[in-house]
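Below: the structure, in structure tokens.
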Amino acid sequence: MSKFTEAFKHWWTGKYPDACPSVGGQAVMEGVMMRGPVCEAITVRKQDGTLVYTTKPIKKVKHKWMTWPIIRGVVNFGMMLADGMKIITESADMAGFDAEEPSRFEKKLAKIFHCKSDDVMMATAVILAVILAIGLFFVLPISLEWCVKQLIRNELVVNLIGGVIRICVFLLYVYLCSKLKEIRRVFMYHGAEHKTIYCFENGEELTVENARKYTTLHPRCGTSFLMIVMVISILLFTLFSQLVGGVVNSNIFLRILSKLALLPLIAGVSYEVLKWLGRAKDTPIIRILKWPGLMTQKLTTKEPDDAMLEVAIVSLKASLGDKKPLPASYYEKDEEEKADAQ
């Protein structure tokens, strides 16, 4: 088998024999979720300072075609949207925060669809988040594009201006979010997640001391993915506008609908680019390509304290199948209690 054929096979299947086991995560309320090769784990620090964790099997795709290139990016993005809010809510419950009560409308919907009120509340939150994201990062920039188009007739220039507007709106939104106290703590846990993953990927023992020295900026982060989405959208929107032209470009509603229709393709391509950058050798060109996403992470990650690193380490150990991921003191206490009981 030629090197090209072998490389193509690895890319198509997403399986690289010599690669370190792929792990990923998400910062949650007072904790970290880690997704490893064995299972998914959520670890939080309760209000009394103690650590609790839970694990569950990783969801597997139902059909093989869902693992194909481009398509797998769309599938993963959809799963991230569906599970992200649920994971945050679960972490809040584990940490002991008061759960939000479903509204009357959500309770009525639950009766109509014969499901739990909490599930309806979760679905409502996800739908509203998607509508907000589409409105802020696509409908608003495209509408501003339309205003620019009345002054500048060059479609290439108009799309580039729209892309710059989109990136500026995204960065402003993230910056404002980072100023909220609660979000800042989540961003600190985000930094702990990255440091811990770096520690694992470098083959070091998972300890607070080892994890502390690493950077909070990781090339496979979801923030980098969103920045790649912004850049890829500029390229694909420009190409699409040049190909279709005419009625689509001259009607604002068709312009919005056509670009929204391209979002799955943009998400799929962006996912492949993100994975490639995460595996590529460190060269000057690769560093340049990674730079925008890493710089954006300076807004979405903050330096964590040692207690946060401890949480992330427990979560990663649990996701790797460790049966005793908590600090040794927790198990020593259990042994003492058992001895006293006897």
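The values are calculated or read from the model by the stated rules, or taken from the named source; none is laboratory data. Note that the structure is a prediction, hence the values are computed from the model and not measured. No Cβ is skipped: glycine too gets one built from the backbone with ideal geometry, and neighbour counts run over all protein chains shown. The area values use the complete protein model at the heavy-atom level, side chains included, leaving out ligands, DNA and RNA. Shrake-Rupley method; radii C 1.70, N 1.55, O 1.52, S 1.80 Å.
Using a Gaussian network model of the chain whose springs link C-alpha atoms within less than 10 Å, name the residue from V229, V52, V157 with the highest mean-square fluctuation.
Highest fluctuation among the options: V157.
Which of these, L254, L132, L243, has the largest mean-square fluctuation under a Gaussian network model of the chain (Cα springs below 10 Å)?
Per the Cα network of the chain with a 10 Å cutoff, L243 tops the list.
With a point put 7 Å past each Cα toward its Cβ, work out how far W276 is from K111 in nm, to one decimal.
It is 5.4 nm.
As a test of the definition: which semi-axes, in Å, follow for the chain when you take the square root of five times each eigenvalue of its alpha carbon gyration tensor? Largest first, please. Walk me through the numbers before you get to the answer.
On the way: eigenvalues 292, 132, 78 Å².
In descending order, the three semi-axes are 38, 26, 20 Å.
About the Cα centre of the chain, how large is the charge dipole given +1 on each Lys and Arg Cβ and -1 on each Asp and Glu Cβ? Please answer in debye to the nearest 20.
Details: 43 positive and 35 negative charges, 341 e Å.
So the dipole magnitude of the chain works out to roughly 1640 debye.
Could you tell me, in Å, what Rg and Dmax come out for the Cα atoms of the stretch 104-202?
Values for the stretch 104-202 (Cα only, Rg and Dmax): 20.0, 53 Å.
Compute the long axis of helix 222-244 from its Cα atoms, compare it with the longest principal axis of the Cα atoms of the chain, and write down the angle in degrees, 0 to 90, nearest 10.
Orientation of helix 222-244: about 20 degrees from the principal axis.
Summing -39500 (n - 2.57) over the DSSP H runs of n ≥ 4 in the chain and dividing by its residue number, what mean residue ellipticity at 222 nm do you reach, to the nearest 500 deg cm²/dmol? Could you put the intermediate results ahead of the total?
Details: 15 runs with 224 residues, N = 342.
After summing the helix terms and dividing by the residues of the chain, the value is -21500 deg cm²/dmol.
Please find, in a Gaussian network model of the chain (springs between Cα atoms separated by less than 10 Å), the residue of A123, A267, A192 whose mean-square fluctuation is greatest.
A123
Using only Cα atoms and rounding to the nearest 10 degrees, what angle (0 to 90) does helix 71-95 make with the longest principal axis of the chain?
The two axes meet at around 40 degrees.
Binning at 5 Å from 0, report for the stretch 200-342 what percent of all alpha-carbon pair distances ends up in each bin.
P(r) over the stretch 200-342, rounded to whole percents: 1, 8, 12, 13, 13, 12, 10, 7, 6, 5, 5, 3, 2, 1, 1, 0, 0.
Looking at this model, which pairs from K281/K323; K60/K213; K195/K281; K181/K259; K179/K213; K64/K116 are more than 29 angstrom apart at the alpha-carbon?
Table pairs above 29 Å Cα-Cα are K281/K323; K60/K213; K181/K259; K64/K116.
Describe numerically, in nm with one decimal, the distance between label points set 7 Å from Cα along Cα→Cβ at D93 and at L81.
Placing both labels 7 Å along Cα→Cβ, they lie 2.4 nm apart.
Taking a probe of 1.4 angstrom, what is the accessible area of M121 in Å², to the nearest 10?
Only protein atoms counted, so the area is about 30 Å².
Place +1 on the Cβ of every Lys and Arg and -1 on the Cβ of every Asp and Glu in the chain, take the dipole about the Cα centre, and give the residue among I152, I197, V311 whose Cα lies farthest towards its positive end.
My answer, from the dipole projection, is I152.
I need the shape label for the stretch 156-280. Rule: rounded when a/c is under 1.5, else prolate if a/b > b/c, else oblate, with a, b, c from the alpha carbon gyration tensor.
Working: a/c = 3.82, a/b = 2.09, b/c = 1.82.
In terms of gyration-tensor shape, prolate.
Over the chain, what percent of the accessible surface lies on carbon and sulfur atoms, probe 1.4 Å?
On the way: 12760 of 19680 Å².
In the chain, the share of accessible area belonging to carbon and sulfur is 65 percent.
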